[in-house]
Amino acid sequence: MSAILETDGLTKRFASLVANDDIDLAVEDGSTHSVIGPNGAGKSTLFNVITGMLEPTEGTVTFNGDDITGLPPHKVARHGLARSFQITDVFDGLTALENVRIAAQYGEAGAGSMWRSADRLAAPEERADGILEDIGLADRAEQRASEFAYGDRRKLEIGITMATDPDLLMLDEPTAGMGREDTVSTIQLVQRLSEERGFTLMLIEHDLEIVMSISDTITVLQGGAVISEGSPEEVSADEEVQRAYLGG
Ligand code: ADP
Ligand code: MG
C-alpha cells in the first residue's frame with residue numbers, strides 16, 4: 001500500500017488538555033478513510049492540525065512524501081490537500097458559478113502547475129462548469145448562493161472545496177444538519193466524485209451506518225487517542241469501540 005498522508009506521533013495540547021494524543025495515521029492513496037468518535041474525541045482538531053489551521057504540539061505530517069508539518073493552510077492547499085469546515089464557507093452574495101470559479105482560480109494560482117497532471121490543466125471557468133454539473137447544480141449556476149436551501153448550500157460547499165482539484169479532500173461533517181435523505185445522497189455524491197476525479201477522501205461523519213457502508217478504513221478516536229483502526233468489519237467488531245459508543 002502507498003500512503004498519501006501519514007502522521008507520526010501527532011499531538012495537540014490545549015494547555016493541559018490533550019486533544020490529539022500521539023496519533024500515527026496512514027491514509028492509503030485512493031481510499032475512503034473515515035474518522036469517527038464521540039463528541040470531543042479530537043476529530044476536528046486532527047483535521048485542523050493536518051491542514052495547518054493549528055500547529056501541532058509534537059509530531060509530523062507527511063503528504064505525498066513532503067513534510068508539511070506546521071505549514072500555513074494556503075501552503076498545505078498548494079500541495080493538493082483541500083478541506084471543508086463544519087461551518088459552511090459559501091459567499092452568499094455570489095452566484096453558484098462565481099463561488100466555484102473563485103475557488104478554481106485560487107487553485108490555479110496556487111498549484112505548482114509543473115506537477116499537476118494533464119486533466120487538471122482545464123481553465124478555471126471550464127473546471128467550475130464541470131464541478132457544477134457534477135454536484136447537480138448546473139441549471140442553477142446563475143442563482144445567488146443566498147437563495148439555496150441548506151442541503152444545496154452544503155453541496156455547493158463541497159464543490160468549492162473540490163475546485164482546487166485536490167489529491168486529498170478532507171470533509172469535516174459535510175452532512176451536519178441534513179436530514180437522512182440528503183445525508184445519504186451527499187455522501188454518495190462525494191464518494192462517486194472521489195472515484196471519478198481520482199482524489200482520496202477523508203471524512204468525519206456522524207452517521208455510522210453510512211460510514212460503515214462507504215469506508216475502506218476507519219480510525220476511531222476517543223479522548224484524543226486512536227482506540228481502533230481497520231476495515232468497517234474490524235472496527236465494528238471491536239469491543240472497545242462498542243464501549244466508546246454505548247458508554248458501557
Ligand atoms: P470533535 O471534533 O471530535 O468533536 P474537537 O477536536 O473539536 O473534537 O475537540 C477535542 C477537544 O479539544 C475538546 O475537548 C475541545 O473542547 C478541545 N478543543 C478544541 N479546540 C480547542 C481550542 N481551540 N482551544 C481549546 N480547546 C479546544
Ligand atoms: Mg468536530
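The values are calculated or read from the model by the stated rules, or taken from the named source; none is laboratory data. These numbers were taken from a predicted model, which means no experiment stands behind them. FYI the Cβ positions are ideal-geometry reconstructions off the backbone, even for glycines, and counts take in every protein chain you see.
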Within the group Val27, Val35, Val100, which residue is within 25 Å of Lys155 (Cβ to Cβ), away from ligand 1 (no atom under 16 Å from the Cβ) and modelled with pLDDT of 95 or more? Val27
Being touching a residue at least 40 places away in the same chain (Cβ under 8 Å), of a type in the set (Ser, Thr, Tyr) and surrounded by 16 or more Cβ atoms within 10 Å (Cβ to Cβ), is that true of even one residue in region 203-218? yes
What is the one condition in (1) in contact (Cβ under 8 Å) with a residue 40 or more places away in the chain; (2) within 15 Å of Gly37 (Cα to Cα); (3) of a type outside the set (Ser, Thr, Tyr); (4) away from ligand 2 (no atom under 16 Å from the Cβ) that Glu173 does not satisfy? (4)
Does Arg153 qualify as being under 26 Å from Gly80 (Cα atoms), of a type in the set (D, E, K, R) and either part of a strand (DSSP E or B) or free of Cβ contacts under 8 Å to residues at least 24 places away in the same chain (or both)? no
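If the requirement is being over 16 Å from the mean Cα position of the chain (by Cα), buried (at least 17 other Cβ atoms within 10 Å of the Cβ) and more than 12 Å from ligand 1 (Cβ to nearest atom), which of these qualifies: Gly70, Gly59?
Among Gly70, Gly59, only Gly59 is over 16 Å from the mean Cα position of the chain (by Cα), buried (at least 17 other Cβ atoms within 10 Å of the Cβ) and more than 12 Å from ligand 1 (Cβ to nearest atom).
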If Ile23 meets every condition in (1) within 16 Å of ligand 2 (Cβ to nearest atom); (2) closer than 22 Å to Ser213 by Cβ apart from one, which number is that one? (2)
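Okay, residues lined up against (1) over 23 Å from Phe47 (Cβ atoms); (2) surrounded by fewer than 20 Cβ atoms within 10 Å (Cβ to Cβ); (3) at pLDDT 95 or above; (4) within 16 Å of ligand 2 (Cβ to nearest atom):
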| residue | (1), (2), (3), (4) |
| --- | --- |
| Ala123 | yes, yes, no, no |
| Arg127 | yes, no, no, no |
| Ile135 | no, no, no, no |
| Arg144 | yes, yes, yes, no |
| Gly151 | no, yes, no, no |
| Thr164 | no, no, no, no |
Given the residues Ala244, Ala225, which is the only one that is closer than 17 Å to Gly42 by Cβ and at pLDDT 95 or above? Ala225
Please work out which residue is nearest to the chain's Cα centre (by Cα), limiting yourself to region 26-51 and to residues that are more than 11 Å from ligand 2 (Cβ to nearest atom) and surrounded by fewer than 22 Cβ atoms within 10 Å (Cβ to Cβ). Thr32
